[in-house]
Each structure stands twice: as structure tokens, then as C-alpha cells.
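See below for the structure under consideration.
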Amino acid sequence: MSKKVRVRFAPSPTGGLHLGGIRTVLYNYLFAKQHGGDFIVRIEDTDQTRFVDGAEQYIFNCLNWCGLVPDESVQQGGAYGPYRQSERKQRYRVYAEKLVADGHAYYAFDSSAELDKMRDDLKTKGSHTLQYDHHVRMDMKNSLTLAEDEVRALLSDGTPYVIRIKVNPGNQVMFDDMIRGSISFDTNNVDDKVLLKADGMPTYHLAVVVDDYEMQISHAFRGEEWLPSAPVHILLWQHLFGLAAMPQWAHLPLILKPDGNGKLSKRDGDRLGFPVYAMDWRDPSTKEATKGFKEIGFLPEAFINLLAVLGWNDGTEQEVFSLQELVEKFSIAKVHKGGAKFDFEKAKWFNHEWIKRSEVSSYSTLVKSILEQKGLDIQDDNYLHAVMELVKDRCTLLDDFYTQSHYFFADPLSLDEAAVKPKWDEQKNAFFNQLSNRLSDLSNWSNVEIESVFKELAAELKIKMGELQMIFRVMLVGSKIGPGVFIIAETIGKGSTLQRIKSAVAVF
RNA sequence: GCCGCGUUGGUCAAGGGGUUAAGACGCCUCCCUUUCACGGAGGAAUCACGGGUUCGAAUCCCGUACGUGGUACCA
């Protein structure tokens, strides 16, 4: 009898939401939906010194944009709240005290100066570990070394203290990771991590165990950077709730920087010229603004898609997946063990694919506002859709719609004279003057009709079609880009076509 | 340093004892188009190294190297 699938994403509200974060959300979400389970977002704000105003709301904005909406969270509510750890503060102490009472944890009164001294001493002694662990705890100031009444005295006179887990050496801690298989640690190397801080807040280690238990999390996915502290969590589960209740773990591979080594950071994006955050983020204290994938012109479908296949694939040649397909095909067992370097070129390719494949109406509002911001006047949505349909194959980012389609909405700002001038002569002049006349008489304004008029005249004047078409294009577009010239002429209409020919002829 | 995890072309990757070692991005050539793309056809480029096990190893084992993460009263 397996319990209901419940997974959680547990971000700290400390700044922009990174690619890796969104991918963790995505894998959580896919796994939950695939198993008919719940996806919970829990805000891990136990470090009051790192709190950043607005960061929490920003996280939800990103999730909404991606379409990865939680079933339970501080915003949605739910039966297992509160979903903000700072609001659960009192709960953690109860468990910490229970651990102390059971002999699995102890009070430690060491000041930060004393801790520094301990590490310095270890260093000069040539110890290969600088940890607060079974080697040193009996030399420190804690409830293991102090007499009971001393401890009571310190506690009652308000001496700052933390609660540390007491890790006994000589044991093996093992667990099965859904991605990596069996992993084991020797408790000799595990330190006595702080569980409850002097300010009464839990550390991540205590909070994650308590909350995963109380929120009945069945499967816990998190970044690989957590693997080294996993034994502490396992021990805590053992002492507090029993291993049977523990969620199944999956430690996700890291997303690495494209060049050099190390995990991808915001700085790498700045340096290499691509976003790392899902959406624009502005740090309220430094005022530093960072670009996001959304604002740079990515479709959420593409963003999700590229993240999904960065570290996972379904074993077939398929690369483009919708969220629905991902829910069906995702498999945690097929997630890679090794980290993947992020490749922005490939990321753009996904966006290009989604722009090509999607109904233009599904993102025309975005394109419309981009075009309007650039000063174009968009009157008719049907016209916009038609234009987008014509140019979408050549757009990689949403902004490309401007360079690829502005001439459908306004006369070209400039003409590529360099391309035309060398080929321009009296004969061409005559051709375009006559073309104007004939086109203005054309009653059925369609690209086939325009083309046949054009061809007929070219044949009559014995001029090669190629050069004429190129010139015609520059007249209508301003440069040598875009779809077929006759379609362009049809689309912009008779009036604009004649008018652009006229003003171009005057220039050449 | 110590501990954990990893390693298939430049990048993402399939493949888990016998394959000509898929596919995609990027790069190059050609076709289409007298534009720019899209599309199509090709091309260069890979199993980190060393030992085993085996008739046979990219695949299994052991070392080494390299990478990566942790080593906080941060998550």
C-alpha cells in the first residue's frame, strides 16, 4: 500500500529564480502529475539575514509563467500549512528538544570565537577535517561536557545556544537514491550539524525533515549539492519518525556553466550574454537588474522543454515535448547522474521550434506588445496573425518579429541602396513605372495575379526576373529579407505597394 | 586535505557484453531561393587513461586522472 504522491519544491526567497531551480520544479511537477499526486511549494525562509523583499512573490510569478502551478503553497493554501517555515518556527523546537531528551542531540554553548579557535587548533594539528564532530565535541562547551546543573544555569540565564545532532561514529548510513542507486556514508565523517540556531530558527537540516514529515512528502527531489548532508537527514528521520515514513530521495544533477567549470551562476549569464533567471529580477537593495528568459523573448513552452531535456530524455529521438507529453513520458529513472553544461544556442533552437509549431494566436499578444513598443501601430489582429504566419519560420526570439515584420506595418525606414544602385538603369526605371500603371489597374489583388503581371512585363521588356524581384523586394521591405515578394505585396495591399514603388523609384 | 557524486564528438545525448557507436545543437559543403530564413542532401568530430574479467568490453570489476559538490548558527 503506497501512500499518495506528494512532492515539494522548497526555495529560499533570496533572489532570482535560477534555471536549475525551475528544472527542479519541473521534475517535481511532472512526477506529481504523472502519479496523480500533489505538488507543494514551501518557502524556506529560515535565514532571516538573507531575506529579500519581493523574492517570494517573484518565485510564484515565475511558476505561473511556466505553467507549473502548485496545488498547495502560501498562495494556494492547503491542509498542511503554514507553508512558510518562518511561520512554523515553534514546531521545530519541539522536535529538537525531543532529540535532546532522547540523547540524539545536545545543547552547545560555544561562541563563534570558540568555534573559530577550535578550527584553528584542528588546522595546526594537521587534522584533515575541521568539523564539529565526535572527535572534538568532548572538548567543547556543551551539554555533553558540562554538568547538568551548569547546563540548566546557562539555559536559564539566557546564554545563547544551539542544538546539535549527536552523530555516533562507526556506523554506515545508507539509502537508495532514485537516480543514483545505493549511496552510503560512514558516520565517522558526518559532523554534528546545528539543528536549531541561537535565534530559535531551525537550520535547513531540521526543517526539511520535520516539514517533509508533517506535509507527508512521499518523494523528495533536490539538487545534488545536498547529497553530502543527506546522512544527517537520514539520521534525523531515523530518530524522529522512523525510516518507513521517509520520502524517497532523488538528487538531481547540476546545471554547469557552458565554458570552464563549475555550476552555472547568474554571473556566467551576464558574462556570456544569456539569461539565467526565468524572469527579470531586480534586487531591491542593490537595484541591480537581471534579464530573464521571459523578457528576452522565450515562450514558456520552449523554456520548459529545454529544461526538461537538460539531464533527461525519453530514450527516443524526440526532443520537442509539450508539458502534457512530459507529464506522460517523464521518468525519474532516466534522469542523468552527471551534470550538464548549459548551451544557449540549443536553448534558442527550442524556442525557434516552439515559435514555428505553435498557433500564432497563442502568442500574438506578446508579439503585438513588442511591435507596439517599437512604435508600430497594430490595428487589426487578423492582419497581425497573417503577418506572423508569414514570418514565424525566421524568428528565434519573440523580438525577431520586429526585424522580420515591421515593413508590414509601416513603410521601410531606409532602402538598401547599395544592393540596388549598381543594377539600376533606365530600363529598370521604365519597368517599374509601367509596373505601377499595370498594378493599379489590377482588380484581383492576389500574389498570383501580381506575379503574372510582373512576369509578363519583364518578358515584354526582356529583363531578367531575378534582378527585378530583388529590386522589388528592396522597394517593399527596405532590405533583402522576408518571404516571397508577391506575397508581401499582396499582404501590404495595393495602396502601399504602389506608394512604395513610387518613392523608391524617386530615390534610385 | 577529507568525504560524496560523476565522466560517450565542442555541447546535449542514445546505447548497459558482439552496433558501420543513434539523434539533436553548433560548424562546414551542396540543393532550393537571384533575398533572409525554413526545408532537403552530405561532411568533419566521440566511448578520459591504465589494468583486469571475457572468445569478445563504450558497456562488468579495480586503480588513476580529471571534473563537480560538500566540508557554515546559508539554503
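The residues neighbouring A:Ile355, those whose beta-carbon lies less than 13 Å from its own, together hold a net charge of -2 under the Lys/Arg +1, Asp/Glu -1 convention.
Between A:Ser322 and A:Ser414, the modelled labels are 4.4 nm apart [label points 7 Å from Cα along Cα→Cβ]. The GluC sites (Glu not before Pro) of the stretch A:380-464 include none that DSSP puts in a loop with a beta carbon having at most 10 other beta carbons within 10 Å. Taking amide H as placed 1.01 Å from N in the peptide plane, the amide H of A:Leu195 sits under 5 Å from that of A:Ile163, A:Arg164, A:Ile165, each at least 5 places away or on another chain. The length gained by stretching the chain between A:Thr159 and A:Asp425 to full extension, at 0.36 nm per residue less their Cα-Cα distance, is 86.3 nm. Selection among A:Leu144, A:Ser369, A:Pro258 by position relative to the dipole of chain A gives A:Pro258 as farthest towards the positive end (Cβ unit charges, Cα centre). Remark: spin-label model distance A:Glu114-A:Ser446 equals 9.1 nm, labels positioned 7 Å along the Cα→Cβ axis.
Helix A:344-357 versus the longest principal axis of chain A: what is the Cα-based angle in degrees, 0 to 90, to the nearest 10? Between helix and principal axis, roughly 60 degrees.
The length gained by stretching the chain between A:Asp380 and A:Lys263 to full extension, at 0.36 nm per residue less their Cα-Cα distance, is 37.5 nm. For chain A, the relative contact order works out to 12 percent when only alpha carbon pairs closer than 8 Å and six or more residues apart are counted. Once the Cα atoms are used to define both axes, helix A:447-461 deviates from the longest principal axis of chain A by about 50 degrees.
Between A:Leu252 and A:Arg222, A:Gly223, A:Glu224, the built amide H atoms are under 5 Å apart, and every one of these is 5 or more places off in sequence or on another chain. Give me the lysines in straight-line cross-link reach of A:Lys329: C-alpha distance below 30 Å, same-chain residues under 8 apart excluded. Of all the lysines, those that pass the test against A:Lys329 - Cα under 30 Å, at least 8 places apart if same chain - are A:Lys3, A:Lys4, A:Lys33, A:Lys257, A:Lys263, A:Lys294, A:Lys337, A:Lys341, A:Lys346, A:Lys348, A:Lys356, A:Lys392.
Amide H to amide H distances under 5 Å link A:Arg6 with A:Asp38, A:Ser218, A:His219, where only residues 5 or more positions off or on other chains count and H is placed in the peptide plane. Taking a straight line from the alpha carbon of A:Lys423, these aspartates and glutamates sit under 15 Å away, with near neighbours fewer than eight places off in the same chain left out: A:Glu467.
Ordering A:Ser443, A:Leu323, A:Leu206 by Cα displacement along the dipole of chain A toward the positive end leaves A:Ser443 in first place; charges were set at the Cβ atoms of Lys, Arg (+1) and Asp, Glu (-1). Kirkwood hydrodynamic radius of the stretch A:1-111, from the reciprocal of the average inverse Cα-Cα distance over all distinct pairs: 15.7 Å. Since only A:Ser285, A:Trp354, A:Ser503 are under comparison, the one whose Cα sits farthest along the positive direction of the charge dipole of chain A, derived from C-beta charges on Lys, Arg, Asp and Glu, is A:Ser503. Computed from the C-beta positions of A:Lys462 and A:Arg357, the FRET efficiency with R₀ = 35 Å rounds to 0.20.
Relative to the dominant Cα principal axis of chain A, helix A:112-124 is inclined by about 90°.
What a 1.4 Å probe finds exposed on chain A is 49% carbon and sulfur by accessible area, rounded to a whole percent.
The values are calculated or read from the model by the stated rules, or taken from the named source; none is laboratory data. The structure displayed is predicted, hence computed values, not measured ones. Note: ideal-geometry Cβ built from the backbone for every residue, glycine included; neighbour counts use all protein chains shown. The protein model used for the area step is the full one, side chains on, heavy atoms only, and it has no ligands, DNA or RNA in it. Shrake-Rupley method; radii C 1.70, N 1.55, O 1.52, S 1.80 Å.
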